[in-house]
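Heads up: the structure comes next, in structure tokens.
The values are calculated or read from the model by the stated rules, or taken from the named source; none is laboratory data. Nothing here was measured: the structure is a model prediction, and the numbers come from that model. Every residue, glycine as well, gets a Cβ built from its backbone with ideal geometry; the counts of neighbours run over all protein chains shown. The protein model used for the area step is the full one, side chains on, heavy atoms only, and it has no ligands, DNA or RNA in it. Shrake-Rupley method; radii C 1.70, N 1.55, O 1.52, S 1.80 Å.
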Number of protein chains: 2
Amino acid sequence: MNYGKLVKQACNQMNRAMDEYARASGLTGTQMSIIDFIGSKSVVLQRDIEAEFNIQRSTASVLLQRMEARALVTRQTVAGDARQKEVRLTPKAERLHEMVAVYIAKQQNAMTSEFTPAECATFVRMLQYFIQLNHDEQAPSEP
Amino acid sequence: MNYGKLVKQACNQMNRAMDEYARASGLTGTQMSIIDFIGSKSVVLQRDIEAEFNIQRSTASVLLQRMEARALVTRQTVAGDARQKEVRLTPKAERLHEMVAVYIAKQQNAMTSEFTPAECATFVRMLQYFIQLNHDEQAPSEP
């Protein structure tokens, strides 16, 4: 059983299901996830989104520009730091956030009721180790 | 700890590390994974690739057309079933396969030496359940 392949399958399947769910509200799965993240914090910096979703600055900029154009978020330069932007949900997106939170909580509950707390903890530790492994891989070695 | 978010982070980080590793040979990470899959079987049908990577037929077709154009694979219609194609590695890709197999085995070994067999089994079961969960989600419900 190849762990990398299984992680990729899980990710593909999750993205496809999320896309399908989000489409009903005219969103992409990624937009839905970002709305959930911002909504759970009320206000975030763009760099928080980069860190949370493990995406590059350029990718985050494109995503957020599209969401701004669709009146889902507003972006405002932080007083005293021209390089950072505060990102907030619009009232329209606030309403979507409630819906999205229910969808994500349902999945989370399905996992925690199927598996023991110890199993869930193992799952998290192994995913974190896998992330670290691929992070270490990335930096130094060109084969 | 949101499992979906963690799975996505793991996938993003793995893809980024794979892309970087593959780039040294002029490949993308996905091409590298497909070469590994075909190389481990000697010959596969396109539908095997779709199933293995959980991707749509159209996505697989585009991927394989590009790999054929780069002389990494050959595709040949199956005798007696015009809709199916056999996919094989070229000698050039056979040499890449050896390299790729080492990279993937190294990651796999890192996981199995860090965690117990029981923990690894839990990890697999939970990823499989998560895949199933998102598969069930997909079909019936439009919110």
When all protein chains stay in place, what accessible area (Å², nearest 10, 1.4 Å probe) is found for A:His135? 100
Position A:Lys41, label points 7 Å along Cα→Cβ, spacing to each other copy in nm (shortest first, one decimal): 4.2
Solution diffusion estimate, µm²/s, Stokes-Einstein, the stretch B:28-97, Kirkwood Rh from C-alpha pairs, 4 °C, viscosity 1.567 mPa s: 109
Considering every residue in B:103-111, what mean count of other chain Cβ atoms within 10 Å of its Cβ is obtained? 4
Which chain A residue sits with its beta carbon nearest the axis carrying A onto B, and how many Å away is it, rounded to a whole number? A:Cys11, 2
With each label point set 7 Å from Cα along the Cα-Cβ vector, what nm distance links B:Ser25 and A:Arg47? 3.8
Asked for the total accessible area buried by B and A (1.4 Å probe, Å², nearest 100), one would answer 6600
So what is the orientation-averaged projected area of the protein assembly as shown, using the convex hull of its C-alpha atoms, in nm²? 17.6
Given a 1.4 Å probe and every protein chain left where it sits, what share in percent of the accessible area of the protein assembly as shown is carbon and sulfur? 52
Copies of B:Ser25 compared via label points 7 Å along Cα→Cβ give distances in nm, shortest first, of 4.3
Any idea what the dipole of the stretch A:3-137 comes to, in debye rounded to 20, about its Cα centre with Lys/Arg Cβ at +1 and Asp/Glu Cβ at -1? 400
What residue among B:Asp36, B:Asp19, B:Asp81 has the largest mean-square fluctuation in a Gaussian network model of chain B, using Cα springs under 10 Å? B:Asp81
For chain B, set up a GNM with springs between Cα atoms under 10 Å and report which of B:Val44, B:Val87, B:Val78 has the largest fluctuation. B:Val78
Please compute the per residue accessible area over the stretch A:3-137 with all protein chains in place, 1.4 Å probe, rounded to a whole number of Å². 48
Can you give the FRET efficiency to the nearest 0.05 for A:Ser40 and B:Thr116, using r as the Cβ-Cβ distance and R₀ = 35 Å? 0.55
Taking the Cα centre as origin and putting +1 on Lys and Arg beta-carbons and -1 on Asp and Glu beta-carbons, what dipole magnitude results for the protein assembly as shown, to the nearest 20 debye? 720
Over chain B, the sum of -39500 (n - 2.57) across DSSP H runs of at least four, divided by residue number and rounded to 500 deg cm²/dmol, gives at 222 nm -23000 deg cm²/dmol
Suppose R0 equals 30 Å. What FRET efficiency, 1/(1 + (r/R0)^6) with r the Cβ-Cβ distance, do B:Ala105 and B:Gln132 give to the nearest 0.05? 0.65
Do any of A:Lys8/B:Lys92; A:Lys5/B:Lys8; A:Lys41/A:Lys85 go past 18 Å between their Cα atoms, and which? A:Lys8/B:Lys92
Relative contact order (%) - chain A, alpha-carbon pairs under 8 angstrom, separation at least six: 18
Obtain the nm distance between the two label points defined at B:Gln84 and A:Ala79 by a simple spin-label model: each point lies 7 Å from its Cα along the Cα-to-C-beta direction. 6.8
Inter-copy label distances at B:Met1 (7 Å, Cα→Cβ; nm, one decimal): 1.7
Just check chain B against the gyration tensor rule for me: Cα atoms, a ≥ b ≥ c as the square roots of the eigenvalues, rounded for a/c under 1.5, and otherwise prolate or oblate depending on whether a/b exceeds b/c. oblate
